[in-house]
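To start, the structure itself, in structure tokens.
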Amino acid sequence: MSHLKDVLESGKFAVTAEISPPKSASCETIRKKAAMLKDCVDAVNLTDNQTAIVRISSFASSLACLQEGVEPILQMTCRDRNRIAMQSDVLGASAFGIHNVMCLSGDHQSFGNQKEAKNVYDVDSIQQLMIFNKMRLEGQVWGGDELKEKPELFLGAAANPFADPFEFRVQRLAKKIAAGADFIQTQAVFDIERFREFMSSVCDRGLDKKVHILAGVMPLKSYNMAEHMKNNVSGITLPDGMISRMKSAADPKEEGLAICNETIEEIKKIKGVHGVHIMAISWESVVPRIIEDADLRD
Amino acid sequence: MNDCSILIICCEKMKETVERASLENSAVLALPCLGRIDEAVILRAFRKGADAVIVAGCVEGNCKYNSGNYQARRCVNEVRDILEEIGISGERLEILNLSPNQAVDLVNLFENMKEVVLRLGHPDILGAER
Amino acid sequence: MIIAERKPISEIISIIGNNKKILIAGCRSCASVCMAGGDREVATLSEALGLYSDLNSLGWEISEISKERQCEKEWAREIAEEASSADVILSLGCGVGVQFIQEVSGIPVFPGLNTSNMGGPEEQGIYLEKCGGCGDCTLHLTGGICPIARCSKSMLNGPCGGSQNGKCEINPDTQCAWDAIYQNLKRLNCLEMLSEIIPPKNWIPSRSGGPRKIIRKEMVLSEDEKKIKEGLE
Amino acid sequence: MILIVGGGKSSEIAAEEVIRQGAVPLRLVLPEETFSFLPDVETVKGRLLSFTGVQGNFQAEIEIDREVKKFNVGAAVIAVDETPKVSDTDCITLSSILENNYLKCSGTIVILLDAKKPSRASHIVAVEKAIEIKDNNPDCRIYIITPEVRTFGLDELEYCKAQKKGIIFIRAEDIKHSSGKMKVTDSPSGKVLDITPDLVITDEEQEVKNAALWAKAFSINLYEDGHFRLGNVSRGPVTSMRNGVFLCGTASRALLPREMDTSARAAATRAVTASQTPLMLNSAEVDEEKCASCMTCVRVCLFHAPSINEKGKSEICRDLCQSCGLCVNLCPASAISFKGVSRIELRNAVDDVLRCLHE
């Protein structure tokens, strides 16, 4: 049903990547990027109008990705769809063989290029998980009407160990698991100390047994990308040491990849992490090399 | 064009200083405290033909009632925004914090306020008595 | 209270268009309390529009009136009657006031304020939204802080991944409601409330369920009582 | 009659000055407070319940052992002094030297001056006492350890005299004091000094007891650090924010002993003149019809004059209103006014003043 599910359940160290769908009616770039990642990642995220900027839909991108032989992870935010649209889209996805669905609250529309739009937020990401979980287990839409055929879903959610209040983050993760999340992709890890702390309290509560956690990593391309990440991307903490390294680096790209590699090495040592999610936004071509350097492919 | 008319709004304490400066072609409106001015008073002055308005009060912190000149500054800023929206230049309105013995600052401001009025001319207000 | 803010004067001027006789109607309830539409603001606006009219020799005639509340038919009718010789009424009441006056007025009634939300003063001159009017209050589940009104994503199981040092991701000086909820429940030491998942909300009683009508049955007069009453008028 | 509040030195001087000015002082002290007896001054122990009325005609309601008495006074002087905070450490304090004199002690004496909120005079008192101890027995060794020696004006001569007599001043920030041994690092040179003192004298923190109680009764404000807030600069040095109520003593401003004397006499003099010149300010009035109970007036008035009465409408207390007109300006319902500054009067004033300008 879902290749990612099999990989995670077999205990292997999973690797997923991310393609950001283009602002265009053609999905040529998706096909090209998918081809690049074909046999080195287990699954690929197709973001849903990331930072509220209008792009080709995650559903269409997932289909294109599937046609290229790469397993997609459909992302669905609560910003643009009420529960009617969500449930009908999930039925469509499952019908077309897209079984990995990731539930996200989604970036507020004031970040994107449709600032005057009215947002939806009928449900939040945890309630979204509840709705999808009920569909796949009981074969009913929210409210109880029967479905002729149940959707087969492998449900994912996000977790941000670097957001506040820090001590509540693990409890919120527990709520997502209770709501039906099967795998978790965390926000990009730069502050390894805080991530280690997060993972230890996750393991203390035995949550690592109930869900597959993939640590997010993001290779930095340049100094001002690092500055940008630190200042105006919400929910990311970047240690100053890393920024100064990027600033003084002769070849920032190489330095970024080195930092990314070190982070992955550290992550591999942390108990309870079942994989890595590489977010190389508009730098997908470097993913094979990252996997190479950190010898993630056995 | 020496018939430009400038209104000076001041508080009780400043009244004597303003009168001692004896600025010609100016009218003085004294109030118990600058804190009493509201936007309508200044707008009314412009409507009734004032070419410029100077709000003269004590140095911030010296006001006998403590908040008079802070409130006056907030009111002046608000009126400046309204004037700009209506089409009258905000330069015609100024607030001045001075201590009672500093009449010279008032005279200087009065002089360059006259230049401003000279440069900008009368806001041709139909209803104003000319 | 209902919080509103005066429209920019240039916008009011364009709304008035080429009407000549304008009655500015103030309101002494919420609009006064949030310093938007009381007698003082009516006086300021009247002087400003008068100045604009004199400046461009438009010959506007501006009169002023203020009532306790505009959202009562009786007072709305009094305002409409006062405007017998006016071309338009510019109401400085909230959106409710404008519509009450328009119902009983023979001439157009224009809004002078932008009505915003239900909330209260954080301090003198700063007003914060507190209630979203969702028709089904669950403040008891979120430590007395409403995420529907005060969380940018109206989440019921927050905070989202963008909450950092107590601030919302969309704006550094917007408080993250869920961070406040967490701190408040911690202070009242009932943090365990946050471990239960709040299920998807029933939005029927909210605005999305259609315009709402609240009826206090024991207060509605019967038909013949109304007839007797009308007889007296 | 002039009401004088407080039991300390300032209140004595103030009472004495009031008598010298030919008025009658009434001294009020809290029941639990100690006070120095003054022969021809009536001192009352009680609690001030309310202080209403205007300058020249105040009514003070004082509860004296559960019986409420009304006094009619012309003005009031708050002459409360700071009192040293009772420190839990058992070492000898500066003020204790003044009472039972330790002048005869010998060996090495360390005077430690680093209290967070010392009285302004603590450094001069320390230097003067050190000189006296040195004079009594010249062979004792005295150290004065302080981050900074604060002797002002002429007292610098005392500081110089003390050094000539061999008193050692150490400017030090970190002082380790344990089991009879002291390790002091001299900040300028960084050298560390070991001292084994026979006697350690410290200065204490000062506090103003019951400041909030008096402030509430007189409706005057406090600074954040708990001292009484002085009136604005333009009202004069010993004034409070309320007409007819004057402030002296270290509870309003940290004073040197000499300054305490002058400030107490000044307050007393102003009080006597104020009691003979009644002040009739026309206070602002609220039109309850128009009042939207929005509390703007309550929030903006720094003199606590407006308050919301039981009818839920604003009411302005005639005694406290300074008739400055701020609330008249800011009231959104234009419900507050007084003669000369109402909205219509002001509009006409602008019209007249500009009309005669154009003639």
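Each value in this text was obtained by applying a stated rule to the coordinates, not by laboratory testing. What you see is a predicted model; the values in this text were computed from it and never measured. Every residue, glycine as well, gets a Cβ built from its backbone with ideal geometry; the counts of neighbours run over all protein chains shown.
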Once label points are set 7 Å from the Cα along Cα→Cβ at both B:Glu19 and D:Glu224, what is their separation, rounded to one decimal in nm? 4.2 nm
Any lysines with Cα under 25 Å of the A:Lys209 Cα? List them, leaving off those in the same chain fewer than 8 positions away. A:Lys5, A:Lys12, A:Lys134, A:Lys175, A:Lys176, A:Lys268, A:Lys269, A:Lys271
Counting other beta carbons within 10 Å of each Cβ, put D:Phe246, A:Phe132, D:Phe35, A:Phe162 in order, fewest first. D:Phe35, A:Phe162, A:Phe132, D:Phe246
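What full-extension length gain, to one decimal in nm, is calculated for C:Ser57 and C:Ser84 as 0.36 nm per residue of separation minus the Cα-Cα distance? Spell out each step's value before the answer.
Numbers: separation 27, 0.36 × 27 = 9.72 nm, distance 2.37 nm.
Additional length available on full extension: 7.3 nm.
Please give the charge dipole size of chain C, origin at the Cα centre, charges +1 on K and R Cβ atoms and -1 on D and E Cβ atoms. Round to the nearest 20 debye.
Working: 25 positive and 31 negative charges, 154 e Å.
So the dipole magnitude of chain C works out to roughly 740 debye.
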What length, rounded to one decimal in nm, is gained on full extension from D:Glu61 through to D:Arg171, with 0.36 nm per residue of separation minus their alpha-carbon distance? 34.5 nm
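Evaluate the Kirkwood expression for the hydrodynamic radius of the stretch D:115-253, namely the inverse of the mean inverse distance over all pairs of different C-alpha atoms, and round to one decimal in Å. Please list the in-between numbers first.
Details: mean 1/r = 0.0558 Å⁻¹.
Computed over Cα pairs of the stretch D:115-253, the Kirkwood hydrodynamic radius comes out at 17.9 Å.
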Could you give the radius of gyration (one decimal) and Dmax (whole number) of the Cα atoms in chain D, in Å? 26.5, 89
Across the stretch D:255-263, in residue order, what do the Karplus-derived ³J(HN,Hα) couplings come to in whole Hz, using 6.51 cos²θ - 1.76 cosθ + 1.60 with θ = phi - 60° and x for Gly and Pro? 10, 7, x, 4, 5, 4, 4, 5, 5
Provide Rg over Rh for the stretch C:2-117; use the alpha carbon set for both Rg and the Kirkwood Rh (inverse mean inverse pair distance). 0.93
So for D:Cys297, A:Cys40, D:Cys356, fewest C-beta neighbours within 10 Å to most, what's the order? D:Cys356, A:Cys40, D:Cys297
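Calculate, for A:Leu147 and C:Glu68, the FRET efficiency according to 1/(1 + (r/R0)^6) with r their C-beta to C-beta distance and R0 60 Å; round to the nearest 0.05. Before the final figure, lay out the partial values.
Working: r = 57 Å, r/R0 = 0.95.
Between A:Leu147 and C:Glu68 the formula returns 0.55.
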If you take every DSSP beta bridge fully contained in the stretch A:3-293, what fraction is antiparallel? Give it as a percent rounded to 5. 5 percent
Paramagnetic reach from C:Glu5 in the stretch C:28-54 [backbone N under 16 Å; point 7 Å along Cα→Cβ]: C:31, C:34-37
For chain C, modelled as a GNM with alpha-carbon contacts under 10 angstrom, which of C:Pro200, C:Pro211, C:Pro121 fluctuates the most? C:Pro211
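Give me the percent of DSSP beta bridges within chain C that run antiparallel, rounded to the nearest 5.
On the way: 13 of 27 bridges.
Counting DSSP beta bridges with both partners in chain C, the antiparallel share is about 50 percent.
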Farthest toward positive dipole pole in the stretch D:230-302 [+1 Lys/Arg, -1 Asp/Glu at C-beta], among D:Ala284, D:Thr273, D:Val300: D:Thr273
Cα centroid separation - the stretch A:191-259 against the stretch C:12-59, whole Å: 56 Å
Dmax and Rg, reported as Rg then Dmax, of the stretch A:209-289 (C-alpha, Å): 13.3, 44
Compute log10 of I(q)/I(0) for the stretch A:3-293 with the Debye formula, placing one identical point scatterer on every Cα and leaving out solvent, at q = 0.12, 0.15, 0.16 Å⁻¹, to two decimals. -0.76, -1.24, -1.43
With both bridge residues required to lie in the protein assembly as shown, what share of the DSSP beta bridges run antiparallel, to the nearest 5%? 35 percent
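For the stretch D:183-234, which chymotrypsin sites (Phe, Trp or Tyr not before Pro) are both in a DSSP coil and crowded by at most 13 other Cβ atoms within 10 Å? Before the final figure, lay out each step's value.
Numbers: sites: D:Trp214, D:Phe218, D:Tyr223, D:Phe228; in loops: D:Tyr223.
Passing sites in the stretch D:183-234 are D:Tyr223.
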Placing each pseudo-label 7 Å from Cα in the direction of the beta carbon, A:Asp39 and A:Ala250 end up separated by a distance in nanometres of 3.6 nm
Place a point 7 Å from the Cα of C:Asn202 in the direction of its beta carbon; the residues of the stretch C:122-138 whose amide N falls under 17 Å from it are C:134-138
Cα-based Rg (one decimal) and Dmax (whole number) for the protein assembly as shown, in Å? 38.0, 111
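Ignore the peptide's own chain and count Cβ atoms of other chains within 10 Å of each Cβ in B:43-54; give me the average, rounded.
Details: counts 11, 13, 6, 8, 11, 11, 6, 5, 0, 0, 1, 0.
Counting other chains' Cβ atoms within 10 Å and averaging over B:43-54 gives 6.
So, R0 is 45 Å and r is the distance between the beta-carbons of D:Arg235 and D:Lys161; what FRET efficiency does that work out to, to 0.05?
Values: r = 40 Å, r/R0 = 0.89.
My answer for the efficiency is 0.65.
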Give me the one-decimal nm value for the distance between modelled label points at B:Leu118 and A:Lys23, 7 Å along each residue's Cα-to-Cβ direction. 5.4 nm
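Thinking of chain C as a set of Cα atoms, what percent of all their pairs are more than 26 Å apart? Can you show the working numbers first?
Values: 14428 of 27028 pairs.
That tail contains 53 percent of the Cα-Cα pairs.
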Which of C:Lys21/C:Lys229; B:Lys64/D:Lys45; C:Lys20/C:Lys226; D:Lys117/D:Lys181; A:Lys115/C:Lys201 exceed 30 Å between C-alpha atoms? The answer is C:Lys21/C:Lys229; B:Lys64/D:Lys45; C:Lys20/C:Lys226
Straight-line reach from C:Lys67: which lysines have Cα under 19 Å away, leaving out those fewer than 8 places along the same chain? D:Lys290, D:Lys313
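Using the Cα centre of the protein assembly as shown as the reference point, and only Cβ charges (+1 on K/R, -1 on D/E), how large is the resulting charge dipole? Debye, rounded to the nearest 20.
On the way: 119 positive and 141 negative charges, 164 e Å.
Magnitude of the dipole: close to 780 debye.
Using the count of nearby Cβ atoms within 10 Å as a rough guide to exposure, how do C:Glu192, D:Glu359, D:Glu12, A:Glu265 rank from fewest to most? Can you show the working numbers first?
Working: C:Glu192 9, D:Glu359 5, D:Glu12 20, A:Glu265 12.
Fewest-to-most ranking of C:Glu192, D:Glu359, D:Glu12, A:Glu265: D:Glu359, C:Glu192, A:Glu265, D:Glu12.
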Using the Cα centre of the stretch A:20-155 as origin and beta-carbon charges of +1 (Lys, Arg) and -1 (Asp, Glu), tell me which of A:Ser20, A:Cys103, A:Met130 is placed farthest towards the positive end of the dipole. A:Ser20
What are the equivalent ellipsoid semi-axes of the stretch D:285-358, built from the alpha-carbon gyration tensor (square roots of five times its eigenvalues), in whole angstrom, biggest first? 27, 13, 9
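Counting only complete DSSP H runs, which helices of chain A cover 24 Å or more along their long axis at the Cα atoms and score a mean Kyte-Doolittle of -1.0 or above?
Numbers: long enough: A:252-269 (26 Å, -0.77).
TM-like helix candidates: A:252-269.
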Whichever aspartates and glutamates have a C-alpha closer than 20 Å to that of B:Lys15, once near sequence neighbours (fewer than 8 apart) are set aside: B:Glu24, B:Asp38, B:Glu60, B:Glu94, B:Asp105, B:Glu111, D:Glu345, D:Asp351, D:Asp352
In degrees, nearest ten, helix B:68-86 long axis to first principal axis of chain B (Cα): 10 degrees
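Extension gain D:Ile92-D:Leu279, at 0.36 nm per residue separation less the Cα-Cα distance, in nm?
Working: separation 187, 0.36 × 187 = 67.32 nm, distance 4.99 nm.
Full extension from D:Ile92 to D:Leu279 adds 62.3 nm.
So how many Å³ per residue does the convex hull of the Cα atoms of the stretch B:6-120 work out to? Write out the running numbers ahead of the final one.
Details: hull volume 9.6 nm³, N = 115.
Spread over its residues, the Cα hull of the stretch B:6-120 gives 84 Å³ apiece.
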Taking a label point 7 Å from the Cα of A:Gln114 along Cα-to-Cβ, the residues of the stretch A:121-145 whose backbone nitrogen sits under 17 Å from it are A:121-123
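Give the calculated FRET efficiency between D:Asn136 and D:Thr196 to the nearest 0.05, with a Förster radius of 30 Å applied to their Cβ-Cβ distance.
Details: r = 21 Å, r/R0 = 0.71.
With R0 = 30 Å, the Cβ-Cβ based efficiency is 0.90.
Report, in debye and to the nearest 20, how large the dipole of the stretch C:2-117 comes out about its Cα centre when Lys and Arg carry +1 and Asp and Glu carry -1 on their Cβ.
For this selection, approximately 180 debye.
Kirkwood hydrodynamic radius, computed over distinct alpha-carbon pairs, for the stretch A:58-195: how many Å, to one decimal?
Numbers: mean 1/r = 0.0626 Å⁻¹.
Final number for the Kirkwood radius of the stretch A:58-195 is 16.0 Å.
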Per-residue HN-Hα couplings for the stretch D:165-181 [Karplus 6.51, -1.76, 1.60; θ = phi - 60°; Hz; x = Gly/Pro]: 7, x, 7, 9, 9, 10, 8, 9, 9, 9, 10, 9, 10, 9, 6, x, 10
